[in-house]
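For reference, the structure discussed in these notes is given below.
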Amino acid sequence: MLQETQRDTQPPYRQPDSRRNSAVLYLLSGKIGAGKSTLAARLAERPGTFLFSEDSLLSGLYPGEIADPGDYIRATIRLKKTLKDHIVGLLKAGFSVVLDFPANTPDSRRWGRELFEAADVAHELHFMDTPDMVCKARLHARNRSGAHPFQPSDAEFDLFSRLFIGPTPEEGFNVIRHAE
């Protein structure tokens with residue numbers, strides 16, 4: 001559960017902008033177990049909003065084929081290329097989109113920027129600033145439940161955590177920070 005939510009609004013973060021329609025692209029950044037999917041589901045409850053879950057799509061398109069980080073990277077690159085025009089089309093039509101994809105590096109966030117700029121819509125980047133011990137506890141519980149399509153190990157958590165780079169003001173995103 002999120003205990004503290006604050007909106008980073010001091011410069012150089014950009015303030016929400018007015019675009020040609022009211023659609024919003026919601027992006028999520030945070031480590032494994034940080035609460036991204038939970039927040040994504042809540043955001044997607046808003047009227048006129050579509051949710052794209054990377055985990056759900058990858059597990060459905062590549063069942064049993066994603067065995068290591070290299071497999072994941074290849075599959076997600078392919079998925080993003082395939083979805084780009086569909087997502088931009090939804091945004092241009094006035095629908096909001098929640099991307100439950102980890103926007104965890106400047107490169108991965110660049111894809112999100114391409115989408116909202118191509119559609120000329122506003123965006124929000126939700127940064128889940130959750131301590132590693134909380135993330136790992138959630139990961140262990142999720143793995144035990146068997147309800148999630150992927151069960152990352154502690155070693156995989158550590159690997160992806162080392163690659164994680166949180167959003168910076170220089171990137172110019174509208175960041176909403178959720179701290180625990």
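If we keep just the residues of segment 156-180 that are closer than 17 Å to Thr38 by Cα and surrounded by fewer than 16 Cβ atoms within 10 Å (Cβ to Cβ), which is farthest from the chain's Cα centre (by Cα)?
Glu180
Taking segment 77-110 as the region of interest, how many residues are in contact with a strand residue (DSSP E or B) (Cβ under 8 Å, 6 or more places away or on another chain) and under 24 Å from Glu170 (Cβ atoms)?
8
Identify all residues within segment 28-52 that are modelled with pLDDT of 95 or more and polar (S, T, N, Q); write none if there are none.
Within segment 28-52, Ser29, Thr49 meet the criteria.
Taking interchain pairs and intrachain pairs at least six residues apart, which have beta carbon atoms under 6 angstrom, with the first residue in segment 92-114 and on the phi > 0 side of the Ramachandran plot and the second modelled with pLDDT of 95 or more?
Every condition considered, the pairs that remain are Gly94/Ala23.
With the structure loaded, tell me whether Gly48 is touching a strand residue (DSSP E or B) at 6+ places or on another chain (Cβ under 7 Å), within 22 Å of Ile176 (Cβ to Cβ) and touching a residue at least 60 places away in the same chain (Cβ under 8 Å) or whether it fails that test.
It is false that Gly48 is touching a strand residue (DSSP E or B) at 6+ places or on another chain (Cβ under 7 Å), within 22 Å of Ile176 (Cβ to Cβ) and touching a residue at least 60 places away in the same chain (Cβ under 8 Å).
Which of the residues belonging to segment 139-155 are in contact with a helix residue (DSSP H, G or I) (Cβ under 7 Å, 6 or more places away or on another chain) and either surrounded by 15 or more Cβ atoms within 10 Å (Cβ to Cβ) or within 27 Å of His123 (Cβ to Cβ) (or both)?
Passing the criteria: Leu139, His148, Pro149, Phe150, Pro152.
Could you please give the count of residues in segment 97-122 that are surrounded by 20 or more Cβ atoms within 10 Å (Cβ to Cβ) and within 12 Å of the chain's Cα centre (by Cα)?
Residues flagged as surrounded by 20 or more Cβ atoms within 10 Å (Cβ to Cβ) and within 12 Å of the chain's Cα centre (by Cα) within segment 97-122 amount to 10.
Would you say Asp55 is within 22 Å of Thr38 (Cβ to Cβ), buried (at least 17 other Cβ atoms within 10 Å of the Cβ) and either in contact with a Ser or Thr (Cβ under 9 Å, 6 or more places away or on another chain) or not aliphatic (A, V, I, L, M) (or both)?
Considered against the rule, which asks whether it is within 22 Å of Thr38 (Cβ to Cβ), buried (at least 17 other Cβ atoms within 10 Å of the Cβ) and either in contact with a Ser or Thr (Cβ under 9 Å, 6 or more places away or on another chain) or not aliphatic (A, V, I, L, M) (or both), Asp55 comes out as no.
The values are calculated or read from the model by the stated rules, or taken from the named source; none is laboratory data. Since this is a predicted model, take the numbers as computed values, not measurements. Counting neighbours? That spans all protein chains shown, and the Cβs are built from the backbone with ideal geometry, glycine included.
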